[in-house]
1. Suppose R0 equals 22 Å; then what is the FRET efficiency for residue 138 and residue 62 from their Cβ-Cβ distance, rounded to the nearest 0.05?
2. Under a crude label model (7 Å from the Cα following the beta-carbon direction), how far is residue 16 from residue 38 in nanometres?
3. Arrange the following residues from fewest to most other Cβ atoms within 10 Å of their Cβ: 95, 13.
4. Test of understanding: what is the full-extension gain from residue 85 to residue 23, defined as 0.36 nm times their sequence separation minus their Cα-Cα distance?
5. Starting from the Cα of residue 69, step 7 Å along the direction of its Cβ; do the same at residue 109; then give the gap between the two resulting points in nm.
């Protein structure tokens, strides 16, 4: 661009880099969980078609939770977060015990996880159907942050 800023990148979910338990719809933005969803290891992840790059300075994305499955007897375990390309897609972000550098914010318990089973508490910040959850990374101050319905949780 003329002013030296990074060009906008059209990001969407990557069908080639998603768990078998996830169905990515034709718009490449809508995802439906189609797995059994009865145990932790039934979890799934996916990545975008284009990685977040440190040259962007600050990057941010949001997900709109249309249905977390709890009303139909599901566990409603949804996580949003970041991981490196080599992170497996078999678990939600944050649960990879020191092997992979991931961070995730989980809706069922409202905890923020980083490579661990033990999460940092976001008071009253569980989320589910109807919520809009954001995830951002600020490469300038090396901080990952999450939002819930437009409120920065840190």
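1. 0.90
2. In this crude spin-label approximation the distance works out to 3.5 nm.
3. 13, 95
4. Full extension from residue 85 to residue 23 adds 20.3 nm.
5. Inter-label distance under the simple model: 1.8 nm.
Just so you know, all these numbers are worked out from the coordinates, no wet-lab data involved. Please read all numbers here as calculations on a predicted model, not as lab measurements. With ideal geometry, Cβ positions are generated from the backbone for all residues, glycine too; neighbour counts draw on all protein chains shown.
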